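Working notes, beginning with the structure itself.
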Ligand SMILES: Cc1ncc(COP(=O)(O)O)c(C=O)c1O
């Protein structure tokens, strides 16, 4: 008899975006003339930067020749891309990251989900609440989460609320935790931590021999000077943090798929006897065994982001979305809503008029034909909020705000 991984059976059947999709389709079916504007799921609308397209075309042409053809590449990415990442994404901010500390991959979703493979089952996990659901669900699958309680929290996960009351800065956990997921600029709240606020977490991890899994998928949207671009800007972070980056929202790679994860050689985890192991070796071993590399063509496309024209084009894309975010922020605050995020992030987190998240979601869908994401879908502390994304076109963003 084949046995199932029973942890999967613990996961609630409905995935947030499936439920949103169901409600939107149902409404559209009953109201075929409604012009629905989607500001829910975090997918982008602008096409790939020209520099990336050109580089990928060239790479396809290379692959069409016997001299230029490439088969399996290095599992952790081609050095041409690792070198650009090391120089432009880290050296620029005074951080030394070697190429063999960079693991190119097919998505920050896969990497933040898979990283648990190299971590013990008995780790105590802490997440901010609301949270990008992948961190929680993958720990449920692995068997680290315990059981789902009536309050929507998993019994073995420590939740650190981020809300208007604490100015979206999580408090340190009261109990000892060993793995901490931090995502800044944050999905879903769009808020950030300053350098000194992030230092508190690095210091905690150093003191408790804990590990921070730092998701910086939205780093490119940072506009304010005191917001760190990388956790490694904080002293000591290389010993206790793994960082995840993605080209998805930066350069429109949501469908093209390319990201990377930094695992510094100093970063360690321990066995029961307290012996330290370099996570870099473990992650390399994991990737070499389970992953055969990101396509050459895609990595050439990602490399082009770091050319002068690539940098300019990406800046234009990011600024376009940030402008949309500003329109959303301004329009909704003018209507009296409390709005957060949207300054260093494509997400705007809006406090509802007092109704619960799903009711407000339904109200905006039915009355204004605007799709949002109910905050409670990201965790109990998201109740009473909805998330709007700035990833739609300028025209649709303007129209949506005019409707409100
Ligand atoms: C916080 C966060 N991390 C990771 C991802 C996934 O990124 P990728 O497209 O690289 O898998 C997302 C996508 O929405 C995200 O919001």
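The values are calculated or read from the model by the stated rules, or taken from the named source; none is laboratory data. In this text the structure is predicted, and so the values were computed from the model without any measurement. Cβ placement follows ideal geometry from the backbone for every residue including glycine, while neighbour counts extend to all protein chains displayed.
Per-residue answers, yes or no, for (1) assigned by TED's automatic domain parsing to the domain that holds residue 259; (2) within 11 Å of the ligand (Cβ to nearest atom); (3) over 25 Å from residue 253 (Cβ atoms):
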| site | (1), (2), (3) |
| --- | --- |
| 97 | yes, no, no |
| 101 | yes, no, no |
| 105 | yes, yes, no |
| 112 | yes, yes, no |
| 117 | yes, no, no |
| 122 | yes, no, yes |
| 126 | yes, no, yes |
| 129 | yes, no, yes |
| 133 | yes, yes, no |
Members of segment 348-363 found to be outside any helix (DSSP H, G or I) and within 25 Å of residue 321 (Cα to Cα), listed by number: 348, 349, 350, 351, 352
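Every residue, every condition in (1) touching a helix residue (DSSP H, G or I) at 6+ places or on another chain (Cβ under 7 Å); (2) touching a residue at least 24 places away in the same chain (Cβ under 8 Å); (3) farther than 25 Å from residue 29 by Cβ; (4) crowded, with 20+ Cβ neighbours inside 10 Å, yes or no:
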position: 337; (1), (2), (3), (4): no, no, yes, no
position: 342; (1), (2), (3), (4): yes, yes, yes, yes
position: 366; (1), (2), (3), (4): yes, yes, no, no
position: 371; (1), (2), (3), (4): yes, yes, no, yes
position: 375; (1), (2), (3), (4): yes, yes, yes, yes
position: 379; (1), (2), (3), (4): no, yes, yes, yes
position: 388; (1), (2), (3), (4): yes, yes, no, yes
position: 397; (1), (2), (3), (4): yes, yes, yes, yes
Single unsatisfied condition, residue 38 versus (1) touching a residue at least 60 places away in the same chain (Cβ under 8 Å); (2) in the same structural domain as residue 243 (by TED's automatic domain parsing); (3) more than 22 Å from residue 302 (Cβ to Cβ): (2)
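So, in segment 261-271, exactly how many residues are within 11 Å of the ligand (Cβ to nearest atom) and in a loop (DSSP other than H, G, I, E, B)? Spell out how you get there, then give the answer.
Within segment 261-271, the first condition is being within 11 Å of the ligand (Cβ to nearest atom), and the residues that meet it are 261.
From what's left, in a loop (DSSP other than H, G, I, E, B): none.
Number satisfying all stated conditions: 0.
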So residue 92, is it at pLDDT below 95, out of contact with any strand residue (DSSP E or B) (no Cβ under 7 Å at 6 or more places or on another chain) and either more than 16 Å from the ligand (Cβ to nearest atom) or closer than 28 Å to residue 393 by Cβ (or both): yes
Which listed residue, of 211, 193, is away from the ligand (no atom under 16 Å from the Cβ), assigned by TED's automatic domain parsing to the domain that holds residue 164 and under 19 Å from residue 131 (Cα atoms): 211
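Quick grid of which residues meet (1) assigned to a strand (DSSP E or B); (2) buried (at least 18 other Cβ atoms within 10 Å of the Cβ); (3) at pLDDT below 95:
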site: 113; (1), (2), (3): no, no, no
site: 117; (1), (2), (3): no, no, no
site: 123; (1), (2), (3): no, yes, no
site: 126; (1), (2), (3): yes, yes, no
site: 135; (1), (2), (3): no, yes, no
site: 151; (1), (2), (3): no, no, yes
site: 170; (1), (2), (3): no, yes, no
site: 174; (1), (2), (3): no, no, yes
site: 180; (1), (2), (3): yes, yes, no
Within segment 239-260, tally of residues that are surrounded by 23 or more Cβ atoms within 10 Å (Cβ to Cβ), more than 10 Å from the ligand (Cβ to nearest atom) and farther than 11 Å from residue 47 by Cα: 4
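Table: residues versus (1) in contact with a strand residue (DSSP E or B) (Cβ under 7 Å, 6 or more places away or on another chain); (2) touching a residue at least 60 places away in the same chain (Cβ under 8 Å).
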| residue | (1), (2) |
| --- | --- |
| 133 | no, yes |
| 161 | yes, yes |
| 193 | no, no |
| 199 | no, no |
